[in-house]
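What follows draws every value from the coordinates through simple rules; no lab data is involved. Model, not experiment: these values are computed from the prediction. All Cβ positions, even for glycine, are placed from backbone atoms using ideal geometry, and neighbour counts span all protein chains on display.
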Amino acid sequence: MLRYTTQRTASLAITLSGAAVHAALAIQVVALWRSLKWEPESEWESAHDEWRVDSIKVLWALLSAYFASSAVVSALGFYGIAKNKPGYIRFYRDYSIADFAVSVISLFSATKAVLYKSTRAGVCEELSRQPEIIRDLGDFGLSLENCERWIERASMLCFALVVVVLVARLHCLLAVSKYYRMHIARQQPPPLPLNHLPSPTSPTHPGPQRIYLLPQERANPSGEPVIYAPVPLSTLSPQDQARAKEAWISHGHRHHRSRSHAHHQPADTGRIVLPISPGEPLLPGYASQDAKA
């Protein structure tokens, strides 16, 4: 009980912190979106770099939607844990697994892209059009002269930080998954004991035999007889095992047949049937033959 309570408290803290962090990041991304300068400075730049601005806007919008959706899913996970809703917890777990996989792939893809000089040159060119960002990052050593080298070092630092964050997220994901399994195990009844069931063909159990019946899922309006087929209990799912009803049957028909056969056997033993005609004596007349002699 203490272990379950600890896992539940940890899962509540994980989902609540995830909702708060992702919501704060979504707000920051939207605020930065409004502060960026998207208008070109001349008509030549407008015709030349229109596709680049549009692609950056799409990526920025996807980033904002990602943080917002992550905040909503984390809030749903917190609600599911607080209200004991397994469906919400399972949805949060599945989303977190997919999010973790996409984050790992995106991390290595972005790191590989930054290694190319053309990518760093394109980023520096875009930063040169954002004087506010250059001014804000100037305290960290960024300038137009050392932009490419600064981006390369900053990318390696961000890679290390993101790896640490991914490891922490993996531990949180495992904790929530463990709590979900414990929660499902607490809601389901214990499985039926398989090792204590007598074997149907075992001759050492002459008494009643325990069986388990599954409830009929569909009604039988025609009134036709239902055939019960023996199925091994180990092949049933845990849900079917939980719905099974215990019953007892007796295999006494074999013993009854043997006792009935033994009862009628003495009456049939020694009976002789002779084909004789009506009025014919059972034994020949020995007395009449002696008189003639």
Subject >> Separation of the ALA113 and THR235 label points, Cα + 7 Å toward Cβ, nm >> reply: 5.3
Original post:
What does the charge add up to near LEU115, with Lys and Arg as +1, Asp and Glu as -1, over the other residues with Cβ less than 12 Å from its Cβ?
Top reply: +1
**OP:** Please check which bits of the range 145-164 a label hung off GLU125 would reach, taking the label as a point 7 Å along Cα-to-C-beta and the cut-off as backbone N under 19 Å.
**Re:** 145-152
Original post:
All other residues with a Cβ under 12 Å from the Cβ of ARG149 taken together, and with Lys, Arg as +1 and Asp, Glu as -1, what is their net charge?
Top reply: 0
**OP:** Would you kindly derive the ³J(HN,Hα) couplings of the range 159-174 from the backbone phi angles with the Karplus curve 6.51 cos²θ - 1.76 cosθ + 1.60 (θ = phi - 60°), listing them in order in whole Hz, with x for Gly and Pro?
**Re:** 4, 5, 5, 5, 4, 4, 5, 5, 5, 5, 5, 5, 5, 5, 5, 5
**OP:** For the range 131-167, run through the GluC sites (Glu not before Pro) and keep only the ones in DSSP coil with at most 12 other Cβ atoms within 10 Å of their Cβ.
**Re:** GLU145
